[in-house]
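Worksheet: one structure, shown below.
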Amino acid sequence: MNDSLISVQSLSRVFDVSKPWLNRVLSGQKRQTLKAVDSVDFTIERGTTYALVGESGSGKSTIAKMLVGLLKPTSGRVHIDGVDLTNASAADIASTRKRIQMIFQDPYASLNPRWRVRDIVGEPIDAFLNVSGAERTRKIDELLEKVGLSSKDGAKFPHEFSGGQRQRIGIARALASDPEFIVCDEPTSALDVSVQAQVLNLMRDLQRDLGLTYLFITHDLAVVRYMADHVGVLYLGRLIESAPRQELFDSPAHPYTQMLINAAPRVDGFGRMHEAADGEIPDPISPPSGCHFHPRCPQRLDACRIEVPVVQHTGRRAVSCLLHGQS
Amino acid sequence: MTEHTLLEVKDLKVQIPTRRGVLTPVNEVSFTIGRGEIVGVVGESGAGKSITGSAIIGLLDRPARISSGSVTLQGEVISGLNEEQLRRVRGKRIGTVFQDPLTSLDPLMSIGDQLSETAMAHLAISREAAREKALQALIDVGIPAAESRLDAYPHEFSGGMRQRVVIALALIGEPDLIIADEPTTALDVSVQAQVLMLLKRLCRERNTGVMLITHDMGVIAETTDRVVVLYAGRVAEIGNTEQVLTSAKHPYTRGLVGATPNPANMDGDNARLNQIPGSMPGLLALPTGCPFHPRCSEVMPVCKTEQPALTPLGDTTIACHLATEASA
Ligand SMILES: Nc1ncnc2c1ncn2[C@@H]1O[C@H](COP(=O)(O)OP(=O)(O)O)[C@@H](O)[C@H]1O
Ligand SMILES: Nc1ncnc2c1ncn2[C@@H]1O[C@H](COP(=O)(O)OP(=O)(O)O)[C@@H](O)[C@H]1O
Ligand SMILES: [Mg+2]
Ligand SMILES: [Mg+2]
């Protein structure tokens with residue numbers, strides 16, 4: 001039975017990217033908007049990892065920020081365990097917020113350099129849990145040990161740690177309010193592979209031990225393949241395909257997914273000469289008409305220039321492409 | 001050194017005097033690159049990849065300097081040349097491509113002018129011929145509507161197109177060797193594939209040797225013929241790329257390959273990436289003996305005291321006491 005913790009419906013976010021008012025008036029330009037996220041739908045089942053993958057500017061971080069409440073959606077809904085975060089009472093939002101935490105890409109920028117690790121990890125405890133004194137200290141020590149640091153590390157400052165250890169501190173802080181759902185935005189993209197492996201393994205162990213649900217955002221398909229249960233592929237703000245991991249990698253349906261998988265360098269791809277896809281990601285302020293991918297698509301039809309493909313569901317896969325089952 | 005050797009780096013040592021002591025970011029590094037051969041230099045951040053590249057082309061930032069060892073290009077030692085002589089080697093005989101294309105391009109000069117000036121500086125040709133050559137170079141690297149782009153400035157190109165222009169600029173002096181330092185690290189994966197394929201195809205066609213610096217094992221596998229694995233400024237393993245990646249002998253290389261998600265270790269619920277404990281040491285706190293020993297799963301007593309020499313083992317060559325023990 002489907003037991004979804006997170007449900008995102010028609011989620012959109014538009015940014016105003018106009019020139020300042022005066023420049024606009026002087027040069028006679030219109031307002032300009034950028035649709036960073038365009039009617040995105042997905043659900044995440046409890047205890048699983050949903051990976052969002054896409055190249056830069058595809059809207060991954062914007063979705064992450066909307067899910068944790070750092071950014072307001074322009075339209076659409078986000079349900080967490082049945083609570084509509086976009087339309088709930090302040091009390092409901094407050095009690096739901098502590099169930100959601102975020103891990104960021106840059107462990108340097110996201111930790112306050114003047115705070116001791118103990119205070120960084122303790123902050124969400126103070127904000128969300130009714131715990132103090134010896135119990136608070138015990139909880140912080142426990143969290144540090146859970147992420148592979150020692151309780152002695154609590155007295156140190158972030159700069160005394162390597163990149164991988166700082167990401168562990170970020171994870172300990174994210175776990176401090178006993179959340180169920182963690183949004184991870186490129187958590188290992190700044191790390192070396194040997195350290196990335198430590199952090200990814202830790203995240204999987206924590207998920208198993210604590211029953212966590214992850215939204216895992218990355219541009220790295222190999223990492224997706226290691227971490228995800230279900231994968232969504234974004235292109236210029238639209239979710240163009242989503243499927244269970246194995247299905248997606250074994251038989252990608254959307255030409256963009258096929259291109260991404262083909263382009264990713266493989267450690268067993270000795271001497272591989274691949275037909276690299278044409279072109280680059282277009283300007284998001286004036287994206288191509290119809291299917292955004294059509295100018296780069298080797299399989300495009302005439303209709304792809306005009307028609308925005310409607311999502312087609314087959315089993316647990318969803319594809320938005322005119323080649324797939326549309327009349 | 002054989003007659004096909006283009007570049008020979010021998011026992012190269014780079015030192016940086018600092019207030020807290022002398023750092024040695026490159027320590028007795030030796031390898032060769034043949035004509036038309038693509039050699040990868042791989043390692044995690046801080047391994048000494050970029051400094052090795054800079055030392056070869058004589059672009060070390062003061063106070064870093066080559067303290068011993070040599071760099072030989074086609075039989076000529078270039079590590080002792082003065083700045084003026086080195087300038088002639090760069091561009092004419094060695095082309096460079098860096099991670100950020102803007103470091104190689106002049107923002108105030110059109111692409112066409114940059115290409116033709118570089119061509120004129122290195123080849124004895126007229127302005128007209130240089131302009132022709134610039135156009136052909138843009139066509140070769142796949143810039144659409146190249147003729148109309150000659151007068152465009154760097155900021156008018158996308159990131160991927162800019163890196164193509166840099167490759168055109170690196171190749172226009174018809175160098176024998178290209179040093180590319182993380183040339184695709186800032187690019188999206190689809191554009192990375194385009195740029196790597198381009199670099200590989202052009203260098204094969206022109207018999208240009210390439211030193212490709214990257215931290216990405218996948219890029220190494222797909223692009224290079226041979227690979228040098230660096231750790232803490234030293235060569236850990238060197239050999240044919242496929243052999244090094246499929247049957248690595250050095251525990252560090254094995255660890256790196258196992259830590260990189262690949263079809264063998266990433267599918268299935270029981271899949272698990274190999275972890276190397278700890279992280280690369282800083283240059284001020286290098287371990288004694290083999291610099292990898294504190295993280296090594298096969299550490300022996302000798303590893304803590306003695307630096308292992310490069311020794312052949314099976315199909316590759318490693319700096320590891322597993323090999324010195326085996327050959328003893
Ligand atoms: N605050 C903002 N103002 C204007 N544009 C933005 C803002 N945040 C993001 N964008 C734009 O929205 C698009 C999606 O950005 P982002 O979600 O950061 O993508 P990703 O994380 O996939 O790289 C990009 O084109 C980006 O430039
Ligand atoms: N000017 C410098 N002063 C002191 N240390 C330096 C300097 N430049 C580089 N280093 C150190 O040298 C080591 C190797 O650097 P680098 O060649 O850039 O590594 P890589 O390219 O493999 O990431 C690093 O530990 C780096 O911190
Ligand atoms: Mg992002
Ligand atoms: Mg470097």
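The values are calculated or read from the model by the stated rules, or taken from the named source; none is laboratory data. Just so it is clear, the model here is predicted, and its values are computed rather than measured. All Cβ positions, even for glycine, are placed from backbone atoms using ideal geometry, and neighbour counts span all protein chains on display. Remember, those area values only see protein heavy atoms, side chains included, never the ligands or the DNA or RNA. Shrake-Rupley method; radii C 1.70, N 1.55, O 1.52, S 1.80 Å.
Residue-by-condition table, conditions (1) in contact with a helix residue (DSSP H, G or I) (Cβ under 8 Å, 6 or more places away or on another chain); (2) crowded, with 19+ Cβ neighbours inside 10 Å:
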site: B:85; (1), (2): no, no
site: B:95; (1), (2): yes, yes
site: B:100; (1), (2): no, no
site: B:105; (1), (2): yes, yes
site: B:111; (1), (2): yes, yes
site: B:116; (1), (2): yes, yes
site: B:127; (1), (2): yes, no
site: B:130; (1), (2): yes, yes
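Conditions tested, residue by residue: (1) assigned to a strand (DSSP E or B); (2) away from ligand 2 (no atom under 16 Å from the Cβ); (3) in contact with a Cys (Cβ under 9 Å, 6 or more places away or on another chain); (4) free of Cβ contacts under 8 Å to residues at least 12 places away in the same chain.
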{"residue": "A:6", "(1), (2), (3), (4)": "yes, yes, no, no"}
{"residue": "A:10", "(1), (2), (3), (4)": "yes, yes, no, no"}
{"residue": "A:13", "(1), (2), (3), (4)": "yes, yes, no, no"}
{"residue": "A:43", "(1), (2), (3), (4)": "yes, yes, no, no"}
{"residue": "A:58", "(1), (2), (3), (4)": "no, yes, no, no"}
{"residue": "A:61", "(1), (2), (3), (4)": "no, yes, no, no"}
{"residue": "A:65", "(1), (2), (3), (4)": "no, yes, no, yes"}
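For residue B:89, state whether it is over 19 Å from the mean Cα position of the chain (by Cα), hydrophobic (A, V, I, L, M, F, W, C) and under 26 Å from residue B:227 (Cα atoms). For residue B:89, the condition - over 19 Å from the mean Cα position of the chain (by Cα), hydrophobic (A, V, I, L, M, F, W, C) and under 26 Å from residue B:227 (Cα atoms) - is not met.
Looking at this structure, is residue A:101 in contact with a Pro (Cβ under 8 Å, 6 or more places away or on another chain) and part of a loop (DSSP other than H, G, I, E, B)?
no
Regarding region B:198-216, can at least one residue be identified that is open to solvent by less than 40 Å² (accessible area, probe 1.4 Å), among the hydrophobic types (A, V, I, L, M, F, W, C) and facing chain A (nearest Cβ under 8 Å)?
Just the residues of region B:198-216 that are open to solvent by less than 40 Å² (accessible area, probe 1.4 Å), to begin with: B:198-200, B:202-203, B:208-214.
Checking the rest, the ones that are also among the hydrophobic types (A, V, I, L, M, F, W, C) come to B:198-199, B:202-203, B:210-213.
Pick out the ones that are also facing chain A (nearest Cβ under 8 Å) and you get none.
No - not one qualifying residue is present in region B:198-216.
Here residue A:190 does not fit the description of being more than 16 Å from ligand 3 (Cβ to nearest atom), in contact (Cβ under 8 Å) with a residue 40 or more places away in the chain, over 23 Å from residue A:36 (Cα atoms) and aliphatic (A, V, I, L, M). Scanning region A:144-176 for residues that are surrounded by 19 or more Cβ atoms within 10 Å (Cβ to Cβ) and not in a helix (DSSP H, G or I) yields A:147, A:149, A:161, A:176. Consider region B:14-56 and keep the residues that are aliphatic (A, V, I, L, M) and away from ligand 4 (no atom under 14 Å from the Cβ). The one that is surrounded by the most Cβ atoms within 10 Å (Cβ to Cβ) is B:33. Quick check on region B:185-197: of everything there that is β-branched (Val, Ile, Thr) and open to solvent by less than 40 Å² (accessible area, probe 1.4 Å), which residue is farthest from the other protein chains (Cβ to nearest Cβ)? Top of the filtered list is B:195.
Can you tell me which residues in region A:266-285 are among the β-branched types (Val, Ile, Thr) and either more than 7 Å from every other protein chain (Cβ to nearest Cβ) or in contact (Cβ under 8 Å) with a residue 12 or more places away in the chain (or both)? Scanning region A:266-285 gives A:281, A:285.
A residue that is at pLDDT 95 or above and under 22 Å from the mean Cα position of the chain (by Cα) occurs nowhere in region A:261-282. Number of residues in region B:25-46 that are near ligand 2 (Cβ under 9 Å from one of its atoms), at pLDDT 95 or above and more than 12 Å from the chain's Cα centre (by Cα): the value is 2. For region A:192-280, the strands (runs of 3 or more DSSP E) that sit wholly inside it and include 3 or more residues that are open to solvent by 10 Å² or more (accessible area, probe 1.4 Å) and under 30 Å from residue A:80 (Cα atoms) are A:238-244.
Each row is one residue, and each column tells you yes or no for (1) over 29 Å from residue B:237 (Cβ atoms); (2) in a strand (DSSP E or B).
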| residue | (1), (2) |
| --- | --- |
| B:17 | yes, yes |
| B:22 | no, yes |
| B:40 | no, yes |
| B:52 | no, no |
| B:86 | yes, no |
| B:106 | yes, no |
| B:116 | yes, no |
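Only one of the listed residues (A:324, A:294) is more than 30 Å from residue B:258 (Cα to Cα) and buried (at least 20 other Cβ atoms within 10 Å of the Cβ). That residue is A:294.
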